[in-house]
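Quick note: the coordinates plus some simple rules give every number you see, no bench work behind them. The structure presented is a predicted model; accordingly, all values stated were derived computationally and were not measured. Glycine also receives a Cβ, built like all others from the backbone with ideal geometry; neighbour counts cover every protein chain displayed.
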Amino acid sequence: MRDRDSNEDAEALALRALVWTLVEPDRAMRLLSVTGLEPHDLRARASDPSVLSAALGFLENHEPDLIACAESLGVKPEALVRARMELEA
């Protein structure tokens, strides 16, 4: 059973990470390419835990982006990994 407060924190952090990812056009295009999401689908499902988890997984798979995102958001990279795991639970 998931802790609701923990899950809400994971969703908020993941949403911030998704916004960070989408700010840079090349990175945004890579996200769409890797996840198979279409722009309209991403807009419609941006708060869906599975989409948020996929966005965090995308960052995890490219360590420089994971570290840069974490620094920008003021969290440790491990917090982003933990958020993905909570969203997938």
Inset, instruction - Kindly list, by first and then second residue, each pair from a residue in the stretch 38-56 that is of a type outside the set (A, V, I, L, M, F, W, C) to a residue that is in a helix (DSSP H, G or I), limited to pairs with Cβ atoms under 6 Å and residues at least 6 apart or on different chains. - result: Arg45/Val51; Pro49/Leu87; Ser53/Arg84; Ser53/Leu87; Ser53/Glu88
Inset, instruction - Take Ser72 and decide whether it is assigned to a helix (DSSP H, G or I), loosely packed, with under 14 Cβ neighbours inside 10 Å and either aromatic (Phe, Trp, Tyr) or touching a residue at least 12 places away in the same chain (Cβ under 8 Å) (or both). - result: yes
Inset, instruction - Just give me the residues in the stretch 20-56 being surrounded by 16 or more Cβ atoms within 10 Å (Cβ to Cβ), closer than 18 Å to Ala10 by Cα and of a type outside the set (A, V, I, L, M), in sequence order. - result: Trp20, Thr21, Pro49, Ser53
Legend entry - Inter-residue pairs, beta-carbon under 6 Å, first touching a residue at least 24 places away in the same chain (Cβ under 8 Å) and assigned to a helix (DSSP H, G or I) and in the stretch 9-23, second of a type in the set (Asp, Glu) and buried (at least 16 other Cβ atoms within 10 Å of the Cβ), 6+ apart: Ala10/Glu86
